[in-house]
1. If you wrap the range 294-372's Cα atoms in a convex hull and average its projection over all directions, what's the area in nm²?
2. Separation between the residue 61 and residue 368 pseudo-spin-labels, each 7 Å from Cα along Cα→Cβ, expressed in nm?
3. Can you give me the three principal axis dimensions of the range 104-186 from its C-alpha atoms, in Å, biggest first?
4. By how many degrees, 0 to 90 and rounded to 10, does the Cα axis of helix 13-24 deviate from the longest principal axis of the chain?
5. Nearest 500 deg cm²/dmol is fine: what mean residue ellipticity at 222 nm does the chain get from its DSSP H runs of n ≥ 4 alone, each adding -39,500 (n - 2.57), divided by its residue count?
6. Once R0 is set to 45 Å, what does the formula 1/(1 + (r/R0)^6) return for the Cβ-Cβ distance between residue 187 and residue 138, expressed as a FRET efficiency to the nearest 0.05?
7. Between helix 353-371 and the chain, what is the angle of the helix's C-alpha long axis to the longest principal axis, kept within 0 to 90° and rounded to the nearest 10?
8. Starting from the Cα coordinates of the range 194-250, work out the convex hull volume and express it per residue in Å³.
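Nothing in this text is a laboratory measurement; each read-out follows from the coordinates by a stated rule. Here the structure is a predicted model, which means the values were calculated and not measured. Glycine gets a Cβ as well: all are built from the backbone with ideal geometry, and neighbour counts include every protein chain shown.
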Ligand SMILES: Cc1cc2nc3c(=O)[nH]c(=O)nc-3n(C[C@H](O)[C@H](O)[C@H](O)COP(=O)(O)OP(=O)(O)OC[C@H]3O[C@@H](n4cnc5c(N)ncnc54)[C@H](O)[C@@H]3O)c2cc1C
């Protein structure tokens, strides 16, 4: 049995940012992670400026071995049917997700219990009891004064806390395949293909000399079929004949923000990161995971020291982050304001009038098709 101030479920950016804040303030902190660290996670690994700034302020410079090759992504290159395209500046860093999270874990200075799955939890008046199962089948009990749920998009904890909310959400499956091959896809870009007949969000890019392809489909559709359609289109276009599959990863994803379907937890359970519904437009979620994790850590400390309700304090303090995520889905803000992760304003400005018109028409057509 482990007794601690704060237990955290999930060793992604949200869990690690929460842990870092807790340990910095002297709280005994344990992270429970079901996978062995380092672990892969379906993610393009683009750090938006907000994530880069957060990491440099709270964790230090991103280590060299976390950076991929190339280490910078200059733009999202949007491809449309008919051969039109347009570049939307990103100014992000391209990272190796397994190494980023392993670095964050170590830097958090929390006790890391990896290969340990949270099986169930019970909330009491003085804390939360967790029952975990280790990969060797052994049971482990953890008691904490506060529990931070940072268990990612298809959160098992949120499903138990608010099953009705989980049932209301529209679920997608993301499939990512990585190939070793020779191909002619331009480096330094995140290529987005606005071809709804393939999938709502097909994308591809080169990282560490490998071709990474991603599709996202509604949960009732087959992601493997969408990937086959994407491969048939892309491989012909960029001249790939033979490719070796290196890795296939998948996960469930939902966009809670446009409908305001967030879950921030209960009295002693604080839900942070993607588990809470904080996922921005185009699936950018590392920045909000880091920010909300830190808020959960800060609230844990303040509530323990001031003897106030952690749940109520968290719901107050997370409000700004929630509003920030919702605002990324506001198309007026997206197109006309600078400072977004995807700088549409700058991208549109760099186009000629004719290009801008074609781009906007194509973007609208794609948006309408995806919204169905
Ligand atoms: C295809 C794809 C591409 C993406 N690309 C980007 C991108 O380029 N940039 C960006 O900013 N965001 C991107 N995202 C989103 C980003 O990956 C997530 O928003 C981010 O990882 C959320 O962080 P988190 O800490 O909340 O959860 P996660 O990173 O998902 O971490 C949750 C952790 O909890 C663990 N866990 C789950 N259940 C249990 C359990 N029962 N017991 C113990 N541990 C458990 C998991 O193993 C996992 O390690 C992408 C997402 C997808 C699907």
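1. Mean projected area for the range 294-372: 7.1 nm², to one decimal.
2. Going by the 7 Å Cα→Cβ label model, 5.0 nm.
3. Here the spans come out as 59, 36, 27 Å, largest first.
4. It works out to around 40 degrees.
5. Counting only the DSSP helices, I get -10500 deg cm²/dmol.
6. Working from the Cβ atoms, E equals 0.45.
7. 50 degrees
8. Taking the convex hull of the Cα positions in the range 194-250, it is 89 Å³ per residue.
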